[in-house]
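The values are calculated or read from the model by the stated rules, or taken from the named source; none is laboratory data. Computed from a prediction, not measured in an experiment: that's the story for all the values here. FYI the Cβ positions are ideal-geometry reconstructions off the backbone, even for glycines, and counts take in every protein chain you see.
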Amino acid sequence: MGRLDDRVCLITGGARGQGAAEAELFAAEGAIVWVSDVLDADGQAVAAKIGGQYRHHDVRDESSWAGLIDEIIDTSGRIDVLVNNAGIFRTGRLFEIEPSDFQEVMDVNCLGVFLGMRAVAPSMREAGRGAIVNISSVAGLNASAGAFAYGTSKWAVRGMTKTAAVELGRRGVRVNSIHPGLIETEMLHQVPGYADSDRMVKRVPLGRVAEAREVANLALYLASDDSSYSTGMEFVVDGGVSAL
Ligand SMILES: NC(=O)c1ccc[n+]([C@@H]2O[C@H](COP(=O)([O-])OP(=O)(O)OC[C@H]3O[C@@H](n4cnc5c(N)ncnc54)[C@H](O)[C@@H]3O)[C@@H](O)[C@H]2O)c1
């Protein structure tokens, strides 16, 4: 028996990195997995590998959300789990970042998460159950000097998670955030200074970066009934960085 048997799950940004690892793990645990992204070839490859469905879907697009959730409910009968994983990273300090770049980060990382929760909330409320997992970052727990917009967006994800959890809790819908540290994906290599990764990795109490699968394990816990009494909370997977 799998921990997500017959649960209908949507993972945004699931074409690669953490989203792809979550898609693979959820499918292995019995879920009916829908993957969405803007990287179509990679997304289709993930879906083919796990026997899931892939759809092109830009998380900034409200009508795309409506169409996708309608299609999932028409095809699979319901939506049980949403992992708001899609995200982008941009560098730049407060006095360097252009408003257009700030807006771009907020559109993907915040508006996308808001639209996703808003799109699934009606059917989850009606069903009286559901799990939403929002991928924030350790940048949503502490200052993120040098990545002002990214840090701001990840704090917003944390805040939206708490508010949504309180608003949806009475209807059996749980909402939690995950705060990864250094995870070995393409995004990590966009972080300034990562080329000199020894210095960054030395700061991590566990002394290494994580595999995407290690975040997926936490997402599985939060998506499944194993976390049935947890909502509105931050779950950290950072090798101990936040303990410093
Ligand atoms: N890698 C890390 O060290 C790290 C640390 C903390 C948090 N995170 C967060 O984890 C999540 C996953 O990132 P990752 O590490 O797998 O990086 P990644 O860059 O490999 O994956 C991000 C995915 O999001 C997709 N995406 C970007 N914009 C999109 C849009 N507008 N619509 C739909 N999909 C879009 C990308 O195409 C990509 O497939 C992100 O929210 C990221 O901010 C990553």
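Within the range 33-62, the set of residues being of a type in the set (Lys, Arg), over 16 Å from the mean Cα position of the chain (by Cα) and within 18 Å of Gly112 (Cα to Cα) comprises just one member, Arg55. Within this structure, Ile183 fails the test of being under 21 Å from Val120 (Cβ atoms) and either of a type in the set (Asp, Glu) or within 12 Å of the ligand (Cβ to nearest atom) (or both). Based on what the data block shows, is Ala21 touching a residue at least 60 places away in the same chain (Cβ under 8 Å), touching an Asp or Glu at 6+ places or on another chain (Cβ under 9 Å) and either within 16 Å of the ligand (Cβ to nearest atom) or part of a helix (DSSP H, G or I) (or both)? Here the answer is yes, as Ala21 does meet what is asked. Exactly one residue among Ala143, Ala195, Ala119 is more than 11 Å from the ligand (Cβ to nearest atom), part of a helix (DSSP H, G or I) and at pLDDT 95 or above, and that residue is Ala119.
Residues checked against (1) more than 23 Å from Leu94 (Cβ to Cβ); (2) in contact with a Phe, Trp or Tyr (Cβ under 8 Å, 6 or more places away or on another chain); (3) buried (at least 16 other Cβ atoms within 10 Å of the Cβ); (4) not polar (S, T, N, Q):
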site	(1), (2), (3), (4)
Ala147	no, yes, yes, yes
Gly151	no, no, yes, yes
Thr161	yes, no, yes, no
Gly169	yes, no, no, yes
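Here is the figure for the range 223-244: residues that are surrounded by fewer than 18 Cβ atoms within 10 Å (Cβ to Cβ), out of contact with any strand residue (DSSP E or B) (no Cβ under 8 Å at 6 or more places or on another chain) and closer than 22 Å to Leu206 by Cβ total 3. Set side by side, the residues Arg3, Arg16, Arg78 differ, and just one is within 11 Å of the ligand (Cβ to nearest atom) and surrounded by fewer than 22 Cβ atoms within 10 Å (Cβ to Cβ), which is Arg16.
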